[in-house]
Structures are given as structure tokens and as C-alpha cells.
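Some notes on the structure that comes next.
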Amino acid sequence: MTTETTGAAGPGRGGRMSRQRKRDAVLRLLRGEDLEMVSRSLGVTAATLSGWRDAFLVAGEASLASRPAEGEELESGRLKARLGEMLLERELLEAKIAALEGGRPLARRRSRP
């Protein structure tokens, strides 16, 4: 598959490629196209293209993990604690609203002479 068959043009010198174009380039490599040929057709270095491929494979491998990464566990714990705090605040606010709607004063008022 060449640039003509994919309909993609190179990014030009100093240009940036979209995530989809990078993904398509990596998939071309994984299907067996020659690294040098793909890099020339896209106008990027073989090292850049290899980096995209390696990052793609690492991300795919990480998504297959059955246990979350340590950082994800810490973040999950932090979010659960924050959720607990917010639920407690909500219960207190609901009790305060119920007291106000029930006609019970929350603080003593001075009567006007």
C-alpha cells in the first residue's frame, strides 16, 4: 500500500500528523510494509515511525492488563474518599433544608418592638 493507494499525502517538512494518520502508518507497518518505504512515503524518519509503532504496541499491551496500575489505584481511592465527603455534605444540607421547610427556626430571632 503506497501513499497513492491510501490517499494520504505526506505532512510536509515540519508539519504535524493527526492521530488517525499516525495510526494508519503504524498499521501499515504491522501488516508487513517496509519501514523505509512507509517512512519515505509519509515524509517522516524511520526513527519517528518506529517510535509511533512502539508507543502503539505499549498502549495496546497496557489495555490488556487485568489489574489497574498503581497510579490508577491511588486515584481511584482518592476519588472514592472525595465522593464520600460529598455525600456526607449532601446529607447535612438535606437535613438543613428539611429543618427550614418544616418551619423550625435554625436560630433565635429577636422580635421587633
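What follows draws every value from the coordinates through simple rules; no lab data is involved. Keep in mind it's a predicted model, so treat the numbers as computed, not measured. Here the Cβ is made from the backbone with ideal geometry for all residues, glycine too, and neighbour counts use every protein chain on show.
At an R0 of 41 angstrom, the distance between the Cβ atoms of E61 and A99 translates into a FRET efficiency of 0.15. Given R0 = 22 Å, the distance between the Cβ atoms of D24 and A46 translates into a calculated FRET efficiency of 0.85. Roughly speaking, what is the centre-to-centre gap between the stretch 45-103 and the stretch 18-42 when only Cα atoms are used, to the nearest Å? The two parts, judged by their Cα centres, are 34 Å apart.
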